[in-house]
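Take a look at the structure below.
Each value in this text was obtained by applying a stated rule to the coordinates, not by laboratory testing. In this text, all values refer to a predicted model and were calculated from it rather than measured experimentally. We place every Cβ from the backbone using ideal geometry, glycine too, and count neighbours over all the protein chains shown.
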Amino acid sequence: MKFELTKSFLEQIEVAVESNDIQFIREEVCPLHYADIAEILDEVDLETAQFIYKQLENEQAAEVLVELDEDTRNNFLASLSNSQIASQVELMDTDDAADFIQDLPDERKEDILSNIEDVEMSSDIASLLSYDEDSAGGLMTTEYICANINWTVAETLENLREQAREIDHVFTIYAIDDYERLLGTLSLKTFLYAENDTLIKDLYAPNPISVRTFVSDKEVANIMEKYDLVVIPVVNQAGVLMGRITIDDVVDVMREDAEREMQLATGVSEKVESRDSVWIITRARLPWLLVGLLGGICGSLIIGNFEGQLGLFPELAFFMPLVAAMGGNVGVQSSALIVQGLANNSLKLNSTFAKVLKEISVTLVNATALSFLIFLYNFFMSESYALCFTVSLALFGVIFLAGILGSLVPLLLHKYKIDPALATGPFITTLNDILGLLLYFLIGYIFY
């Protein structure tokens with residue numbers, strides 16, 4: 001049954017902690033899933049979180065630490081000694097452990113690693129910390145199941161029993177050679193039905209889909225999504241099996257990437273959450289608001305230059321918001337589709353031009369339809385033919401220009417290694433507002 005955190009339940013927890021009611025915590029909180037417990041700890045104060053944490057079993061406590069929000073976890077870790085943290089780290093998978101201590105100060109990081117009793121695990125974590133956290137190496141775990149191709153089924157079974165003790169989920173068996181190079185994968189069904197004296201080299205499927213340690217986490221996510229994988233092996237440049245990446249880690253990458261792009265698209269320049277301080281949220285929002293302010297000033301200067309025209313023909317002012325708004329809407333639509341194509345790698349080298357051409361064609365159709373409708377409106381509602389042609393042609397030009405900018409700007413940003421999601425936010429709308437107003441008044445100047 002899905003757990004839903006409510007305000008009344010939080011109040012009950014706070015009362016239990018204040019009255020030192022350990023039984024309530026152990027009966028109502030401890031049996032919950034570790035992700036639900038982490039959600040509770042994220043909402044309560046530090047003292048309450050510490051009280052609940054002390055009632056958890058060791059393995060459960062380790063899982064909860066991994067799931068905690070970053071800010072909550074940092075505050076929580078400040079209250080724990082390095083030896084206490086090390087004892088919890090030993091109960092985690094190596095990838096979770098590496099992520100867990102990644103952002104700690106270097107001195108504390110080294111001290112925690114030295115306090116881990118399992119030397120092999122400490123070495124694996126240190127190795128993972130050497131990779132870029134946004135790469136396959138930083139995402140992988142070093143726990144996996146493998147079988148040498150020269151082993152028999154009987155020998156493999158004995159080895160797998162030993163390996164599986166340290167692994168929670170067995171998705172696949174990797175076939176390796178004497179140098180630990182990845183050669184293929186072994187189906188569990190094939191393995192179970194094989195005779196005991198059959199060699200693994202006669203059973204495994206060659207040429208597995210794998211990634212190198214330096215591949216970006218975005219590319220890993222795209223590969224796993226494309227081939228519907230729940231796990232993917234990671235190899236170094238020599239083809240040696242280094243670890244595996246499971247779907248739960250990739251889902252986290254996809255979620256974080258989606259959140260980052262959504263924030264960029266709305267003009268938030270860094271990752272923020274509602275519980276962050278006023279200064280952090282302001283720092284993330286203000287830069288693009290300043291860009292919007294600058295764009296507004298530029299727009300007002302354009303209007304000021306055509307003040308005489310507006311004085312003689314005030315009806316031109318009625319359609320300024322329409323022209324600016326339509327340009328912004330079309331620009332965001334066009335850029336969103338191109339950004340989506342760049343994100344999921346559906347824009348190949350030979351199809352980029354075709355995609356942009358199709359988007360421009362759609363923009364032409366939309367521009368023609370909308371400009372014709374506004375022409376009809378002005379023709380019947382206004383006595384000025386100049387206004388009819390000015391608004392219609394300006395709207396056509398603005399929509400067409402916005403479609404081109406919305407298609408090309410993301411490609412240009414992508415080429416220069418700038419996140420193209422910026423093109424779907426204030427950048428493109430501000431640019432379209434300025435150019436749209438300028439085009440509107442230039443056309444009006446011609447007709448009037």
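The packing ranking of peptides 45-57, 214-226, highest mean first, is 214-226, 45-57, where packing means the average number of other beta carbon atoms within 10 angstrom of each residue. Between 0 and 90 degrees, the angle of helix 119-129 with respect to the longest Cα principal axis of the chain falls at about 10 degrees.
Counting only alpha carbon atoms, the long axis of helix 153-164 and the longest principal axis of the chain meet at about 70°.
Of the residues Val330, Gly341, Ile302, the one whose Cα sits farthest towards the positive end of the charge dipole of region 278-447 is Gly341 (charges of +1 on Lys and Arg Cβ, -1 on Asp and Glu Cβ, taken about the Cα centre). In whole percents, the pair-distance distribution calculated for region 278-447 from its alpha-carbon pairs, binned every 10 Å from zero, is 10, 34, 31, 18, 6, 0. The helix-based estimate of mean residue ellipticity at 222 nm for the chain, built from -39,500 (n - 2.57) per DSSP H run of four or more residues and divided by its residue count, is -20000 deg cm²/dmol to the nearest 500.
Here region 146-247 is treated as an ellipsoid with the same Cα gyration tensor; its semi-axes, largest first and in whole Å, are 24, 14, 13. Overall, region 146-247 carries a charge dipole of about 320 debye about its Cα centre when +1 sits on the Cβ of Lys and Arg and -1 on the Cβ of Asp and Glu, all other atoms neutral. Given their separation in residues at 0.36 nm each and the Cα-Cα distance between them, Leu199 and Asp71 gain 41.0 nm when the chain is fully extended. With just the Cα atoms defining each centre, how far is region 92-159 from region 295-347? Give it in Å. Region 92-159 and region 295-347 have Cα centres spaced 52 Å from each other. The largest-to-smallest principal axis extents of the Cα set in region 21-107 are 39, 24, 20 Å. When Cα extents along the principal axes in Å is calculated directly from the model, which label among (1) 91, 64, 43; (2) 63, 62, 39; (3) 77, 55, 43 fits? Calculated Cα extents along the principal axes in Å: the matching label is (1). Once R0 is set to 35 Å, what does the formula 1/(1 + (r/R0)^6) return for the Cβ-Cβ distance between Ala386 and Lys358, expressed as a FRET efficiency to the nearest 0.05? So, using R0 = 35 Å, E works out to roughly 0.50. Ordering Leu442, Trp151, Asn82 by the projection of their Cα atoms onto the charge dipole of the chain, which places +1 on the Cβ of Lys and Arg and -1 on the Cβ of Asp and Glu, puts Leu442 at the extreme positive end. For the chain, the longest principal axis of the alpha carbon atoms and the long axis of helix 58-67 meet at an angle near 20°.
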